[in-house]
Amino acid sequence: MTSAFAALVLYGLGTMTSMAASPSGRFCGEMISSGDYRDVETILNVARDGHLSGTYVFDEPDGRVEGNLVEKELGSGTSRTLVWTDKYGTGLLSLDFSSDFNGFNGSWGGSLNGKFDATSHPWNGARCGGLVS
């Protein structure tokens, strides 16, 4: 009975480790918008097929900005590219996650006439606790 319990515990630890090593979650960080750094909350989810999607929110002097994120093409590993969309338009967001997916350094760019600009504006995040705002 003790070996069955030990096997169950080891299986559970392995499952927790694999669940933790995922880009899913709530990340608190900063981004540049309108020429200034803004606090941003980025929430990411992984679909069954592996695509990332999510939402983000940050405050501007004239109010709250809420946006959506969808992975441009199915990615793998720690580097992902998403398309952001909010009241300002749309563009690309490139994310480079740490190996444990506890944070990311990223950059975003806009678009003009349907063509995406290079991603050159900072957007970062680290896992944050508490309730989603």
Does region 51-72 contain at least one residue that is among the polar types (S, T, N, Q) and modelled with pLDDT under 95?
-> no
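Can you pull out the residues in region 41-54 that are in a loop (DSSP other than H, G, I, E, B) and under 16 Å from the mean Cα position of the chain (by Cα)?
Correct list: 47, 50, 51.
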Would you check which residues across region 16-40 are open to solvent by 20 Å² or more (accessible area, probe 1.4 Å), farther than 13 Å from residue 104 by Cβ and either in contact with a helix residue (DSSP H, G or I) (Cβ under 9 Å, 6 or more places away or on another chain) or in a strand (DSSP E or B) (or both) and list them?
-> 32, 36, 37, 38, 39
Note down all Cβ pairs under 6 Å where the first residue falls in region 86-108 and is at negative phi, the second is of a type in the set (Lys, Arg), and they're at least six residues apart or on different chains.
-> 95/80; 102/127
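The values are calculated or read from the model by the stated rules, or taken from the named source; none is laboratory data. Since this is a predicted model, take the numbers as computed values, not measurements. Note that we place each Cβ from the backbone using ideal geometry, even for glycine, and neighbour counts take in every protein chain shown. Surface areas here come from the heavy atoms of the whole protein model, side chains and all, with no ligands, DNA or RNA. Shrake-Rupley method; radii C 1.70, N 1.55, O 1.52, S 1.80 Å.
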